[in-house]
Amino acid sequence: MNTPNIAVLTFPGNNCETETVRALQNQGFQAEVFLWNRNPQELQTFDGVVLPGGFSFEDRGRSGIVSSQEAIFSTLTEMAKNNTPILGICNGAQMLVESGLILSDSNNIPTIALLDNKRTNAKGEILGTGFYHSYRTLKPVNTKTPFSNFSENIHIPIAHGEGRFTLTPEMEKEVAEKNLIVFTYVNDKGEEDNHYPTNPNGSFKNAAAICNPKGNVVALMPHPERNENGNPVFASLWEYFQNKNTTELNNQTISVTDFTDIIPQQIDPTELTILVRLKITDKTEKTFANTLHEENIKRREKWGFYCDATLSLEEKIQTLSKIITSGELVNLNKQLVVAKIDGKWYDWTNTNEFILSEARFSEENCFIVEAKDDFKGQEKHEHLSHTLPEIPLKSIQYGVCWEVPQSKKEEYISHPLFSSRVGNIIKTF
C-alpha cells in the first residue's frame, strides 16, 4: 500500500499547521500544507484532510464562518460524501460545523453550532466566558471514526473561545441516540461532570468532538497535535488506512427537521438603544463585504438598555450619558455613537452631550443579530452594576446591527454569514 498523503488545509490566520504536519509525519504519513486558494482539484488527490487550529480571517463575525464560505468547501463536501477522512481541530472544527459538514438540514443549514464558552458551577452560576486555555482529559466514547479507534483517555491542550457544542433540541436527541459524540471531557477519575472545571465550555453532554452521521468527518475542539498525548488520534488514522477494507465506521442516518424561514422579532420599543460605529475601518465589515461582493454594508455594535419604565426622558438621557462617558462600553476616541430614546434618534457630540437629529441611516435597511444566550450583555450588566451602582439598569442586551441594501435585506437576514440559526435571533427596528 502506498503511504497515505494527508492535506493540512490552511486558511489565512491558521497557526497550527506546522504542528499538525509534524504529528502526521511522526505516524508515518506523507503530509503537507495545502493553502485554501490552491486548485481545489488537487485536494482530491489526497487520501485525507486535516483543518488545523488558529484564527482564520481573525475570527471575524464568528469563528470559522468566513473560511466556510470559501469555494474549496465544495470540494471538501464531495470528498466527505466519498468517505474521505476529514478532521477539523479547534478552528478547523468550527469551519466544519459552519459549513454544514457535521450536521445540517436538507438546505445545508447547520443544525449544530459552536458558541461562546460558558463555564458554570454546580449551582448554575457563570464563572467565566470567552477564550480559555488549559489541559483537559478526553475519553473516546465513539471508536467508529478514523480518528478515535482507541480506548485510553488522553490529556491534551484546549485553547478556544467558541467551543460550546450546541444543537437544536431535536438534534440533541438524534446525536445522543446515534452515538455521534466522539470524545467527551472527563475528570481525573474518568467521570463526566457537566460543570467547570471538567467541562471547560458548557458543551452539550460534555462533548469535545462530534462527527457527521457517516463517521468520517470529525470536529474536535482540543489540540491533539500540540503534545505527544494526542498521538493516538493520528495513530488511529494510520490504523484506519492499514485496515481500510475492514474498518467499520459509524454509518448512521439521522432525521432532520428543516429550519423554517427566519421571521425577525421587533425590537422592544422600551429599549434604550445605542449604536456604535468605528471611525477607522471595521475589518469584519470589510471582510463580509468582500465575501459577498457587496460594497454597501455597514456594521455597528448595538447595546440595548432596559430601565424603569417610569424614568423621564431627561433621566433616560442622563443614564445613557453616564454609561457612554464611563468608557466601559464605548471608546470615544475611535467610535461614533447614536442613540434611540423613546422612538427618536440622537447624536452624541464632541461636547459629550446628546442632540436630537435625523438618524445617519435608514432603519428599514437594518437588522440586528443577537445571541440567544447573551453572556456579553449579562457580564456588562453585572460589571456596570458595581462600577455605576447609581444607574437604574435592569438588563443589557448586546448585538450587532447590520445596514445592508434594502433589496438584499431579506436574503442577508437568512445568510449564514450573518447569523447562526442555532445560536442567534434576528430583530428589526
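The values are calculated or read from the model by the stated rules, or taken from the named source; none is laboratory data. From a predicted model like this one, the values you see are computed outputs, not experimental measurements. Don't worry about glycine lacking a Cβ; one is built from the backbone with ideal geometry, like all the others, and counts go over all protein chains shown.
The set of residues from the stretch 224-243 being in a helix (DSSP H, G or I) and among the polar types (S, T, N, Q) comprises ASN229, ASN231, SER236, GLN242. Within 23 Å of GLU285 (Cα to Cα), buried (at least 18 other Cβ atoms within 10 Å of the Cβ) and of a type in the set (Phe, Trp, Tyr): does that describe PHE46? It is false that PHE46 is within 23 Å of GLU285 (Cα to Cα), buried (at least 18 other Cβ atoms within 10 Å of the Cβ) and of a type in the set (Phe, Trp, Tyr). Of all the numbered requirements in (1) surrounded by fewer than 11 Cβ atoms within 10 Å (Cβ to Cβ); (2) of a type in the set (Gly, Ala, Ser); (3) at pLDDT 95 or above, SER362 misses one, and that requirement is (3). Of all residues in the stretch 55-111, exactly one satisfies the criterion of being of a type in the set (Asp, Glu), out of contact with any helix residue (DSSP H, G or I) (no Cβ under 8 Å at 6 or more places or on another chain) and either within 25 Å of THR260 (Cβ to Cβ) or not assigned by TED's automatic domain parsing to the domain that holds GLU19 (or both), namely ASP105.
Contact annotation: residue pairs with Cβ atoms under 9 Å, 6 or more positions apart or on different chains, pairing a residue in the stretch 102-120 that is over 22 Å from LEU220 (Cβ atoms) with a partner that is among the acidic types (Asp, Glu), are ASP105/ASP258; SER106/ASP258; ASN107/ASP258; ILE109/ASP258. Restricting attention to the stretch 378-408 and to residues that are touching an Asp or Glu at 6+ places or on another chain (Cβ under 8 Å) and part of a helix (DSSP H, G or I), the residue that is surrounded by the fewest Cβ atoms within 10 Å (Cβ to Cβ) turns out to be THR387. Of all residues in the stretch 381-414, those satisfying the criterion of being among the hydrophobic types (A, V, I, L, M, F, W, C) and within 20 Å of ILE425 (Cα to Cα) are ILE396, VAL400, CYS401, TRP402, VAL404, ILE413. Pairs linking a residue in the stretch 308-327 that is in contact (Cβ under 8 Å) with a residue 24 or more places away in the chain and surrounded by 11 or more Cβ atoms within 10 Å (Cβ to Cβ) to a residue that is of a type in the set (Gly, Ala, Ser) and outside any helix (DSSP H, G or I), with Cβ atoms under 9 Å and 6 or more positions apart or on different chains, are ILE317/ALA339; LEU320/ALA339; ILE324/ALA339.
Within the set ASN2, ASN15, the sole residue that is surrounded by fewer than 19 Cβ atoms within 10 Å (Cβ to Cβ) and without any contact (Cβ under 8 Å) to a residue 12 or more places away in the chain turns out to be ASN2.
Give the residue that is nearest to the chain's Cα centre (by Cα), with candidates limited to residues of the stretch 51-93 that are aromatic (Phe, Trp, Tyr) and more than 12 Å from LEU9 (Cα to Cα).
Looking at the filtered set, the residue picked out is PHE55.
On the stretch given as the stretch 243-292, residues that are aliphatic (A, V, I, L, M), surrounded by 12 or more Cβ atoms within 10 Å (Cβ to Cβ) and in contact with a Lys or Arg (Cβ under 8 Å, 6 or more places away or on another chain) total 9.
Scan the stretch 121-142 and give yes if some residue there is of a type in the set (Gly, Ala, Ser), more than 29 Å from LYS189 (Cα to Cα) and part of a loop (DSSP other than H, G, I, E, B), otherwise no. Within the stretch 121-142 (the criterion being of a type in the set (Gly, Ala, Ser), more than 29 Å from LYS189 (Cα to Cα) and part of a loop (DSSP other than H, G, I, E, B)), the answer is no, since none of the residues qualifies. Looking at the stretch 244-296, which of its residues are over 22 Å from ASN108 (Cα atoms), assigned to a loop (DSSP other than H, G, I, E, B) and not acidic (Asp, Glu)? Result: LYS244, ASN245, THR246, THR247, LEU249, ILE267, PRO269, THR270, LYS279, ILE280, THR281, ASN296. Test each condition in (1) out of contact with any Lys or Arg (no Cβ under 6 Å at 6 or more places or on another chain); (2) surrounded by fewer than 20 Cβ atoms within 10 Å (Cβ to Cβ); (3) at pLDDT 95 or above for ILE86 and report the one that comes out false. For ILE86, the exception is condition (2).
In the stretch 180-203, the qualifying residues are those that are more than 20 Å from the chain's Cα centre (by Cα) and within 25 Å of PRO146 (Cβ to Cβ), and the one that is surrounded by the most Cβ atoms within 10 Å (Cβ to Cβ) is VAL186.
In the stretch 158-197, what count of residues is obtained for those that are of a type in the set (Val, Ile, Thr), touching a residue at least 60 places away in the same chain (Cβ under 8 Å) and under 19 Å from HIS133 (Cβ atoms)? Here the count works out to 1.
Based on this model, can you work out whether PHE165 counts as at pLDDT 95 or above and either in contact with a helix residue (DSSP H, G or I) (Cβ under 7 Å, 6 or more places away or on another chain) or part of a loop (DSSP other than H, G, I, E, B) (or both)? The answer is yes for PHE165. Here LYS302 meets the list (1) closer than 19 Å to SER362 by Cβ; (2) touching a Leu at 6+ places or on another chain (Cβ under 9 Å); (3) in a loop (DSSP other than H, G, I, E, B) almost entirely, failing just condition (3).
Tell me the residue from LEU9, LEU43 that is modelled with pLDDT of 95 or more and in contact with a helix residue (DSSP H, G or I) (Cβ under 6 Å, 6 or more places away or on another chain), please. Show your work before the answer.
Working: LEU9 fails: in contact with a helix residue (DSSP H, G or I) (Cβ under 6 Å, 6 or more places away or on another chain).
When all the criteria are applied, what remains is LEU43.
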